[in-house]
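K.L.:
Got a structure here, written out as structure tokens. Questions coming.
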2 protein chains.
Amino acid sequence: MELPEAKQKFIEAWGKLGSEWGINRTMAQVHALLLISPEALTTEQVMEQLQISRGNANMTLRDLINWGLLEKEHRTGERKEYFFAEKDVWTIARQVAKERKRRELEPVLKLLTQLQEVQGDEKDPEYKTFKKSVTDINKLAGNVDKTLETMLKAEENWFFGSIFKIFK
Amino acid sequence: MELPEAKQKFIEAWGKLGSEWGINRTMAQVHALLLISPEALTTEQVMEQLQISRGNANMTLRDLINWGLLEKEHRTGERKEYFFAEKDVWTIARQVAKERKRRELEPVLKLLTQLQEVQGDEKDPEYKTFKKSVTDINKLAGNVDKTLETMLKAEENWFFGSIFKIFK
DNA sequence: GTATATTTTCAATATATACTGAAAGTTTAA
DNA sequence: TTAAACTTTCAGTATATATTGAAAATATAC
């Protein structure tokens, strides 16, 4: 396979995977484009390569910066902004984990903890089942949270090394 | 907080979390409803409790069965089907991991492996950057795949126990 | 200072996704 | 065997989500 086709397929696959995981397709595609680009690109170049509008490109690039996946670069004598992606995949994975933990996992954990304090009759099967499910999920979610916390602090080889030696 | 309010909040939160992770809100809500229900429920009961149509209830219940999260029950002398959820959260987590691995991770892994074989000039920065990114992502994805494989085979205490002792 | 290049905003619009409801299909108790 | 109970299907519709594009705001080279 030649480079242009491979690039194309990579960007499409990244977009599809993103959308399956609740990340907007265009955002994932812009990220993919910058990830495989050796140079920083302008909004104009992103628009052209992905055939998207200026508004869309601008908002998507800003979002990616908020996710901590892109940075801006300014060049002296030039007015426009250049965008480039963090290239280290382990750093990217941690960054995504960090954001999703903060945005999605933590609010749910907080609610589950509140729900565990629901009042009711211990003999009521409705109550018992509810309480058990909530408690169990809370416990699992708490452990996921702790695992992510560990991952965020960890060196790359935490993931690439340790786990497999232990559980082989 | 009283039980009805707590149930309501739990179902809403589960639906929201699902939709943030690419799982249709209604499907997550139906799952939540059955998870906290001590008894198996009929399509009719699900329709009523979540205020959804018969078509939607039917398709969603079927989907959840395909995800391995629900089972049907037949009662002698009754024609209708009763649905109940797997209640063990560790089993649920593994089941979801298994399906998403199969549906989403594995196709991507296959493509990435193909893309690694892209032809080009080693001196071309475009080529070098593309190849490095794809190789790195493939490696990470391969490790995620292996970790999930381990998780699928593991006992509950793999997650609830080991990891934390090691990395505390 | 200011003309203009560039970025940002957001109402209007388009697209993708989910849901409804009624009709068709299927099952089973009698 | 058949009629009613129940399940499934899917075209039409609604809702949610994403995108456009042009106008407004901003920044900077000269």
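K.L.:
Confirm whether B:Leu50 is buried (at least 17 other Cβ atoms within 10 Å of the Cβ) and away from DNA strand C (no atom under 11 Å from the Cβ).
P.N.:
no
K.L.:
Further question on the same structure: Scan the range B:3-18 residue by residue and report those that are within 22 Å of B:Asn66 (Cβ to Cβ) and either in contact (Cβ under 8 Å) with a residue 24 or more places away in the chain or within 7 Å of another protein chain (Cβ to nearest Cβ) (or both).
P.N.:
B:Ile11, B:Leu17
K.L.:
Report whether or not B:Leu69 is away from chain A (no Cβ under 14 Å), closer than 22 Å to B:Gln8 by Cα and more than 9 Å from DNA strand C (Cβ to nearest atom).
P.N.:
No, not satisfied.
K.L.:
What tally of residues in the range A:58-72 results from selecting those that are within 14 Å of A:Leu34 (Cβ to Cβ) and either within 7 Å of DNA strand D (Cβ to nearest atom) or at pLDDT below 95 (or both)?
P.N.:
Number of matching residues: 1.
K.L.:
Here is a further query. Which numbered condition trips up B:Asn24, out of (1) touching a residue at least 24 places away in the same chain (Cβ under 8 Å); (2) within 12 Å of another protein chain (Cβ to nearest Cβ); (3) buried (at least 16 other Cβ atoms within 10 Å of the Cβ)?
P.N.:
With (1) touching a residue at least 24 places away in the same chain (Cβ under 8 Å); (2) within 12 Å of another protein chain (Cβ to nearest Cβ); (3) buried (at least 16 other Cβ atoms within 10 Å of the Cβ) applied to B:Asn24, the lone miss is (3).
K.L.:
Continuing with the same structure: Do we find a residue being of a type in the set (D, E, K, R) and touching a residue at least 40 places away in the same chain (Cβ under 8 Å) anywhere in the range A:100-122?
P.N.:
Checked against the condition, which is being of a type in the set (D, E, K, R) and touching a residue at least 40 places away in the same chain (Cβ under 8 Å), the range A:100-122 yields at least one hit.
K.L.:
Out of the residues in the range B:119-164 that are farther than 24 Å from A:Glu155 by Cα and touching a Phe, Trp or Tyr at 6+ places or on another chain (Cβ under 7 Å), state the one that is nearest to the other protein chains (Cβ to nearest Cβ).
P.N.:
B:Gly120
K.L.:
Okay, moving on. Please go through the range B:56-79 and give me each residue that is farther than 13 Å from B:Asn24 by Cβ and either acidic (Asp, Glu) or over 22 Å from the mean Cα position of the chain (by Cα) (or both), ordered by number.
P.N.:
B:Glu71, B:Glu73, B:His74, B:Arg75, B:Thr76, B:Gly77, B:Glu78, B:Arg79
K.L.:
So which of B:Glu71, B:Glu39 is outside any helix (DSSP H, G or I) and more than 23 Å from A:Asp124 (Cα to Cα)?
P.N.:
Exactly one of B:Glu71, B:Glu39 is outside any helix (DSSP H, G or I) and more than 23 Å from A:Asp124 (Cα to Cα), namely B:Glu71.
K.L.:
Collect the residues in the range B:74-91 that are touching a helix residue (DSSP H, G or I) at 6+ places or on another chain (Cβ under 8 Å) and not in a loop (DSSP other than H, G, I, E, B), keeping them in residue-number order.
P.N.:
The answer is B:Glu81, B:Phe83, B:Phe84, B:Ala85, B:Val89, B:Trp90.
K.L.:
Next up: Can you tell me which of B:Lys132, B:Lys87 is modelled with pLDDT of 95 or more, away from DNA strand C (no atom under 16 Å from the Cβ) and in contact with a Ser or Thr (Cβ under 9 Å, 6 or more places away or on another chain)?
P.N.:
B:Lys87
K.L.:
If only one of A:Ala85, A:Ala154 is among the small types (Gly, Ala, Ser) and surrounded by 16 or more Cβ atoms within 10 Å (Cβ to Cβ), which one is it?
P.N.:
Sole residue among the options that is among the small types (Gly, Ala, Ser) and surrounded by 16 or more Cβ atoms within 10 Å (Cβ to Cβ): A:Ala85.
K.L.:
Name the one entry in B:Leu34, B:Leu41 that is within 12 Å of DNA strand D (Cβ to nearest atom), touching a residue at least 24 places away in the same chain (Cβ under 8 Å), within 14 Å of chain A (Cβ to nearest Cβ) and in contact with a strand residue (DSSP E or B) (Cβ under 7 Å, 6 or more places away or on another chain).
P.N.:
Going through B:Leu34, B:Leu41 in turn, the sole match is B:Leu41.
K.L.:
Right, another one. If a residue has to be more than 7 Å from every other protein chain (Cβ to nearest Cβ) and either surrounded by 15 or more Cβ atoms within 10 Å (Cβ to Cβ) or of a type in the set (A, V, I, L, M) (or both) to count, how many in the range A:101-115 make the cut?
P.N.:
Going through the range A:101-115 one residue at a time, the tally reaches 4.
The values are calculated or read from the model by the stated rules, or taken from the named source; none is laboratory data. In this text, all values refer to a predicted model and were calculated from it rather than measured experimentally. Methodologically, a virtual Cβ is constructed for each residue, glycine included, from the backbone with ideal geometry; neighbour enumeration extends over all protein chains shown.
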